[in-house]
Amino acid sequence: EDPMGYLEYAVRCVETKSYGSLGLGILINDKTMKKNQQQFDNLVASFPFGIVGINIWPLFVNSMPMLKWGAFPGYTASGQGSIGNANLYRKPEKAILTAPFSYLPRKSVEVMSPRKAGLLFSRMTKYKLKPNLTTQAALFAAVLLGI
């Protein structure tokens, strides 16, 4: 009955019973999030994880050099320091990615065949090494169409 209470309890369980503070993924429908927006925002801000993905795979932050990628400051179980932060923000704590509950690419990265995973990560590597429209289009084709 209390989705925000459940979310807080679930994340606190993960925080105390799992090892590391690198990333946290939350799946929440848009209606519930809007209804509880202020409380949801406060909860997300309080979570000690370096990457928070809301309805999106947290590791997508690795393909966005403007955002911080690393463990939450002071939590060393997942390592120390961070990469990214191309805008040079002072002491960023976390990166938060948000997507609608039913966005298209989620379906394509939840369960992948080894062929598709190899294609996707090969294209992601090429895009990271040489970011331009061609490598970006090839990456999107791999994510969305599997080609």
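Out of G5, G20, G74, one residue alone is more than 28 Å from T125 (Cα to Cα), out of contact with any Gly (no Cβ under 6 Å at 6 or more places or on another chain) and not in a helix (DSSP H, G or I). It is G74. Listed by first and then second residue, the pairs linking a residue in the range 83-101 that is without any contact (Cβ under 8 Å) to a residue 40 or more places away in the chain and under 12 Å from L67 (Cβ atoms) to a residue that is open to solvent by 90 Å² or more (accessible area, probe 1.4 Å) and assigned to a loop (DSSP other than H, G, I, E, B), with Cβ atoms under 6 Å apart and 6 or more places separating them unless they lie on different chains, are A86/M66; N87/M66.
The condition of being touching a strand residue (DSSP E or B) at 6+ places or on another chain (Cβ under 9 Å) and either over 22 Å from L139 (Cβ atoms) or not in a loop (DSSP other than H, G, I, E, B) (or both) does not hold for P65.
The values are calculated or read from the model by the stated rules, or taken from the named source; none is laboratory data. These figures come from a predicted structure and were not determined experimentally. Cβ coordinates were reconstructed from backbone atoms using ideal geometry, including for glycine residues, and neighbour counts include every protein chain displayed. Accessible surface areas use protein heavy atoms only, side chains included; no ligands, DNA or RNA. Shrake-Rupley method; radii C 1.70, N 1.55, O 1.52, S 1.80 Å.
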